[in-house]
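Here's the structure we're looking at; comments come further down.
The values are calculated or read from the model by the stated rules, or taken from the named source; none is laboratory data. Keep in mind that this is a model prediction, so the values were computed, not measured. Cβ coordinates were reconstructed from backbone atoms using ideal geometry, including for glycine residues, and neighbour counts include every protein chain displayed.
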Amino acid sequence: MYQKGNFLTGPITLKSNVNFHLERGAVVKFSTRQELYFPPVLTRWEGIDCYTTRPMIYAYGETNIAITGYGTIDGQGSNDNWWPWNGNPKFGWKPGIPSQKSGSRDRLQMYSEGAVPVAERIFSLEDGLRPQLINFYSCNLVLIEGVRLQNSPFWVIHPVFCKNLIVRGVHIKSLGPNGDGCDPESCYNVLIDDCYFDTGDDCIAIKSGRNVDGRKWNIPSENIVIKNCTMKNGHGGVVVGSEISGGFKNLFVENCKMDSPELERVIRVKTNSCRGGVIDGIYVRNIKVGQCKEAVLKINLDYQHDEICSRDFPPSVKNVFLDNVQCDRSRYGILIIGLRDTLNINNIQLSNCRFNNVERKYDIKGASNVRFHNLFINGENVGNKD
C-alpha cells in the first residue's frame, strides 16, 4: 500500500492475491531510466506476440489481482524520454534516438507473417518499442478501480487473454503518441464502468491479435460492457480494431458522454483484409455527444490499405445497433467503407438518433441491410436506408 506522498519506482510485477493499493494523495512515478525495463518479457505489441520492453506494471498467469485506491500512477512519458521512440519529430524524435520506425516495427510484423517462433522474437531497448503502463497477460479475476493513470509511454491499460476483468472509476489522461486508454485484447467478460478518458489515440479499443498471430490463437474478445464513461480527446470513443484477427462478439455500450473537437469518431470499427475475423454484435444506446471531428459511426474495412501482408482474409462486420445516440456536431453522421467486391458489412440499424450540424448526412459503400428508424439529421427524418 502506498500512503500519501510521492514515490519513485522501477517496473512492478504483480502476483496472485495482491492488491496494489494507493491511498488518496499517493503519487507513484515510474523511473524514466529505460535500462530498468530490460530484460524483455512476453507480451503483445500492437497485436503481435513477442518479447520486448517490460511494462511498468506487469502480471503473467496470475489470479485475483487488483490495482485500487484514489492515488495516481504516472508513467512520466514525455517528449524527453519515451515518446520520441514513436519516431515522430512532433514527439521529440531526432536522428540517433531509438524508434519503432527504424525497422523494428516492420521486423515484428514480418516475424508474424513468417510464423517465426515467438521465443525468437526478442527486441532490445535499441529497437524502440515503448512499454505499456499496465499489461496483464493471461490473468483471471482482475480489478482496476479508482486510480488516476497518466503519461503512459504507450498504451495505458492492456489486458491480454484475461477473463473476468473490471475497470471502474478510473481516470486516464495520456496524450502521447499511440496513447490508447484501455485495450482489452482476446479478453472474456469485461466491464468498463464510470471511467474518464482523455487520450492521444483511441479511448477504448477492443482487440484480438493482428493478422497471423490473431488467427493462430483464434481467441475473440467477447462479452464487453462499457457504461457511464466520459470521453474527451481521442481518435475514437469506443473502437473495435484494428488488431481484431481473432474476431469479436458482444459489445454493449450505454449511458456515455463524449465531447471534444479532437474526438474524431464516436463508435468506430477499423480493420482490413490482412486481419480477417468476424465482428458480430455491437449494441449502443443512450450516448450523448457534444461534438466529434469526423463521424458518429464509422465502419472501415480498408484501414491501413498500404499494409504489407497477405490480403486473403476479408473481415466481416454484422449486427451493429445504435439507439438514442445524440450528437450536436460532426462532419458525417454515418461513414461506412466496405470492401470493393463483396458486401461484408450487414445488418446495421440506427434508431431514435439525432445528429445536428452535420456536413454530410451519410456515405455508405459496401454494406447491405442498413436501416434507419427515426434517424434525424439536421432536423430532418432521413427515413429508411436499405
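For the stretch 171-185, what are the residues that are surrounded by fewer than 24 Cβ atoms within 10 Å (Cβ to Cβ) and either hydrophobic (A, V, I, L, M, F, W, C) or on the phi > 0 side of the Ramachandran plot (or both)? Correct list: Leu175, Asn178. When the stretch 14-45 is filtered for residues that are closer than 19 Å to Ile122 by Cβ and surrounded by 13 or more Cβ atoms within 10 Å (Cβ to Cβ), the ones remaining, listed by number, are Gln34, Leu36, Tyr37, Phe38, Pro40, Val41, Leu42, Thr43, Arg44, Trp45. Does Tyr58 meet the test of being under 26 Å from His21 (Cα atoms) and modelled with pLDDT of 95 or more? So Tyr58 fits the description; yes. Checking each residue in the stretch 243-262 for being more than 14 Å from the chain's Cα centre (by Cα) and not charged (D, E, K, R) picks out Ser245, Gly246, Gly247, Asn250, Phe252, Val253, Asn255, Cys256, Met258, Ser260, Pro261.
One residue alone among Ser138, Ser124 is polar (S, T, N, Q), under 22 Å from Cys50 (Cβ atoms), touching a strand residue (DSSP E or B) at 6+ places or on another chain (Cβ under 8 Å) and surrounded by fewer than 22 Cβ atoms within 10 Å (Cβ to Cβ), and that residue is Ser138. Criterion applied to Ile166, Ile206 was being assigned to a strand (DSSP E or B), touching a residue at least 12 places away in the same chain (Cβ under 8 Å), aliphatic (A, V, I, L, M) and surrounded by 24 or more Cβ atoms within 10 Å (Cβ to Cβ), and the one residue passing it is Ile206.
Of the residues in the stretch 126-135, at least one is in a helix (DSSP H, G or I) and either of a type in the set (S, T, N, Q) or in contact (Cβ under 8 Å) with a residue 60 or more places away in the chain (or both). Would you be able to say whether some residue in the stretch 314-324 is of a type in the set (Phe, Trp, Tyr) and surrounded by 17 or more Cβ atoms within 10 Å (Cβ to Cβ)? Scanning the stretch 314-324 turns up no residue that is of a type in the set (Phe, Trp, Tyr) and surrounded by 17 or more Cβ atoms within 10 Å (Cβ to Cβ). Only one of the listed residues (Ile172, Ile134) is β-branched (Val, Ile, Thr) and within 17 Å of Thr230 (Cα to Cα). That residue is Ile172. Of all residue pairs spaced 6 or more apart or on separate chains, those with beta-carbon atoms under 9 Å, a first member in the stretch 62-79 that is farther than 23 Å from Phe154 by Cβ and a second member that is polar (S, T, N, Q) and surrounded by 17 or more Cβ atoms within 10 Å (Cβ to Cβ) are Thr63/Asn140; Asn64/Asn140. Out of Leu322, Leu301, Leu375, Leu339, one residue alone is of a type outside the set (Gly, Ala, Ser) and more than 23 Å from Pro220 (Cα to Cα). It is Leu375.
For the residues Asn356, Asn369, Asn352, the requirement of being surrounded by fewer than 17 Cβ atoms within 10 Å (Cβ to Cβ), touching a His at 6+ places or on another chain (Cβ under 9 Å) and either at pLDDT below 95 or farther than 30 Å from Gly114 by Cα (or both) singles out Asn352. In the stretch 221-242 there is at least one residue that is more than 16 Å from the chain's Cα centre (by Cα), assigned to a loop (DSSP other than H, G, I, E, B), under 26 Å from Gly176 (Cα atoms) and not basic (Lys, Arg). Listed by first and then second residue, the pairs linking a residue in the stretch 326-347 that is farther than 20 Å from Glu254 by Cα to a residue that is aliphatic (A, V, I, L, M) and part of a loop (DSSP other than H, G, I, E, B), with Cβ atoms under 9 Å apart and 6 or more places separating them unless they lie on different chains, are Ile336/Leu301; Ile337/Leu301; Gly338/Leu301; Leu339/Leu301; Asn344/Leu301; Ile345/Leu301; Ile345/Leu339.
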